[in-house]
Amino acid sequence: MTSTHPLWPAPFRGAHPVEATIEIPGSKSVTNRALILAAQANSPSVLRKPLVSRDSELMSAGLQAMGVSIIDKGDHWVVTPPTSPGKLTGPAKIDVGNAGTVMRFLPPLAGLANGDITFDGDPRSYERPLGPVIKALEELGISISHEGRYSLPMVMRSKGAITGGELTIDASSSSQFLSALLLIAPSTLKGITVKHSGGALPSMPHIEMTVAMLRQFGATVTVDEQAQTWRVEPSALHGVDLTIEPDLSNAAPFISLAMVCGGSITIADWPRQTTQPGDQLRQILTQMGATVEFVAGGVKFNGGSAIHGIDIDLHDVGELTPSIAALAALAVSPSHLRGIGHLRLHETDRLLALCTELNGLGGDVTDDADSLRINPKPLHQGTFHTYEDHRLATAGAVIGLVVEGINVENIATTRKTLTDFPALWNYALEGNR
């Protein structure tokens, strides 16, 4: 594989224990949901410790293009909405990059605006599933020009209001389809009831996050999990003063430092209660040999004598798969990572990419429709390609800790959800030799 992106020599450490405390930047999922909700509120919001990354910058730029004021005060943002969601304005041209939350959450909000809103993005964004959201918005009466593709690029011809009503969607490809509709439901005239009909819903914790944050901004939400139905009543949202939790999924590669090299890593400000899927790292890594404890100021992960393979369904926490796969490739026993077929539709086909890159370094990985089987073998030097996928890049960095001569292609793609991954990685390693 050829690439025009520069190669980043992954720092090699070997079996030299680490001892560090890391502050992980804010959660992308929480930041972007907070921005969407704040844009509909009847008063300003203060978002403290928000994530500064490509994804959040794209979300912020899209909102500002429709008339939302977002002022960066350094450690917090002040978000001032128009006088009502119906005062969001077009025409506007919005770049979604390759950000799932941006391409799925902004179009429903744009349905509340007045004027034409054009959505475009990176080439990969044209391939990512968006059809269920577009069809739902059309059912709600919004005219959308997409030339029959039900994907990007597209133009929304918005009229300033959405009546609302009952919708049935298949969100089995992405829980974001469901969250996208729930997040704007309070601003519709009749509210929205969404029923999921299809395969198993991926990443239920993200749906629970959406519900919790709607309630935090003042919405009334009714959930019938057995019927897989969610109802949001029409209501005015109010501004909030919100501190964004650290992104626990982004903590995974840093925790891996202790798993791979020995020693301990403390993740600062880890919440004791959270809806973030990344919180499951505490249980997953315990099964793989770590010991985990809450300490003053965070959670401490201690590496064990070896990394154990794991047989686990990651359906609800699919975003953790690249980091878990990297650890599994360095384990002392085989692993089976199941329930992750939906990852084929993410920034890249993550199952094929992980299989290709680990095998390219001498690994023994096989993929089927929705799982990876990883049989640990000695790995050798080489280039770890990232496919414009931030989580592939951090997985390559983990491998490079104990496999000398790993070059990660396009480490800059980590800026999608981390402000400066290389600097934070080096910070964790420096002074701990």
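The values are calculated or read from the model by the stated rules, or taken from the named source; none is laboratory data. In this text, all values refer to a predicted model and were calculated from it rather than measured experimentally. Glycine also receives a Cβ, built like all others from the backbone with ideal geometry; neighbour counts cover every protein chain displayed.
Considering each of D55, D72 in turn, give the residue that is among the acidic types (D, E) and under 15 Å from the mean Cα position of the chain (by Cα).
Result of the check over D55, D72: D55.
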Task: Subset of region 24-48 [exposed (fewer than 15 other Cβ atoms within 10 Å of the Cβ) and of a type in the set (D, E, K, R)] - done: R48
- [ ] Determine whether region 210-219 contains at least one residue that is among the hydroxyl-bearing types (S, T, Y), out of contact with any Phe, Trp or Tyr (no Cβ under 7 Å at 6 or more places or on another chain), over 26 Å from V317 (Cβ atoms) and modelled with pLDDT of 95 or more.
- [x] no
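Let's see how each residue does on (1) modelled with pLDDT of 95 or more; (2) outside the structural domain of A38 (by TED's automatic domain parsing):
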site	(1), (2)
Q226	no, no
L237	yes, no
A252	yes, yes
M259	yes, yes
Q280	yes, yes
M288	yes, yes
V295	yes, yes
TODO: Would you check which residues across region 164-183 are touching a strand residue (DSSP E or B) at 6+ places or on another chain (Cβ under 8 Å) and closer than 18 Å to L35 by Cβ and list them?
DONE: L181, L182
TODO: Would you mind listing the strands (runs of 3 or more DSSP E) fully within region 178-277 where at least 3 residues are surrounded by 19 or more Cβ atoms within 10 Å (Cβ to Cβ)?
DONE: 192-196, 263-268
TODO: Could you figure out which of (1) in contact with a strand residue (DSSP E or B) (Cβ under 6 Å, 6 or more places away or on another chain); (2) within 23 Å of A15 (Cα to Cα); (3) of a type in the set (G, A, S) isn't true of A423?
DONE: (1)
TODO: Considering each residue of region 100-126, count those that are closer than 21 Å to L345 by Cα and free of Cβ contacts under 8 Å to residues at least 40 places away in the same chain, and give that number.
DONE: 6
- [ ] Assess whether H16 counts as being in the same structural domain as P277 (by TED's automatic domain parsing) and either modelled with pLDDT of 95 or more or not β-branched (V, I, T) (or both).
- [x] yes
TODO: Report the residue count in region 220-276 for those that are without any contact (Cβ under 8 Å) to a residue 40 or more places away in the chain and small (G, A, S).
DONE: 1
TODO: Please verify whether region 376-387 includes one or more residues that are crowded, with 19+ Cβ neighbours inside 10 Å, part of a helix (DSSP H, G or I) and of a type outside the set (A, V, I, L, M, F, W, C).
DONE: no
Open item on the list: For region 278-318, give me the residue count where each residue is of a type in the set (V, I, T), surrounded by fewer than 22 Cβ atoms within 10 Å (Cβ to Cβ) and either in contact with a Cys (Cβ under 8 Å, 6 or more places away or on another chain) or assigned to a loop (DSSP other than H, G, I, E, B) (or both).
Closed with: 1
TODO: Check region 91-105 and report whether any residue there is surrounded by fewer than 24 Cβ atoms within 10 Å (Cβ to Cβ) and more than 24 Å from the chain's Cα centre (by Cα).
DONE: yes
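Given the criteria outside any helix (DSSP H, G or I) and out of contact with any Lys or Arg (no Cβ under 6 Å at 6 or more places or on another chain), does T21 qualify?
yes
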Task: Search result, residues across region 28-45 that are out of contact with any helix residue (DSSP H, G or I) (no Cβ under 8 Å at 6 or more places or on another chain) and in a helix (DSSP H, G or I) - done: A38
Open item on the list: For region 161-177: of the residues being in a loop (DSSP other than H, G, I, E, B) and within 19 Å of the chain's Cα centre (by Cα), which is surrounded by the most Cβ atoms within 10 Å (Cβ to Cβ)?
Closed with: A171
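So that you can scan it fast, the table gives a plain yes or no per residue for (1) assigned by TED's automatic domain parsing to the domain that holds H315; (2) surrounded by fewer than 20 Cβ atoms within 10 Å (Cβ to Cβ); (3) modelled with pLDDT of 95 or more:
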{"residue": "T366", "(1), (2), (3)": "yes, yes, yes"}
{"residue": "R391", "(1), (2), (3)": "yes, no, yes"}
{"residue": "T394", "(1), (2), (3)": "yes, no, yes"}
{"residue": "K416", "(1), (2), (3)": "yes, no, no"}
{"residue": "L424", "(1), (2), (3)": "yes, yes, yes"}
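Do we have L337 as free of Cβ contacts under 8 Å to residues at least 24 places away in the same chain and not small (G, A, S) here?
no
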Open item on the list: Out of the residues in region 13-23 meeting the condition of being closer than 24 Å to V295 by Cβ and not hydrophobic (A, V, I, L, M, F, W, C), tell me which one is surrounded by the most Cβ atoms within 10 Å (Cβ to Cβ).
Closed with: R13
Task: Residue count for region 327-368, restricted to those that are in a loop (DSSP other than H, G, I, E, B) and touching a Leu at 6+ places or on another chain (Cβ under 9 Å) - done: 10
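Can you go through N426, N407, N359 and tell me which one is farther than 30 Å from S27 by Cα and of a type in the set (S, T, N, Q)?
N359
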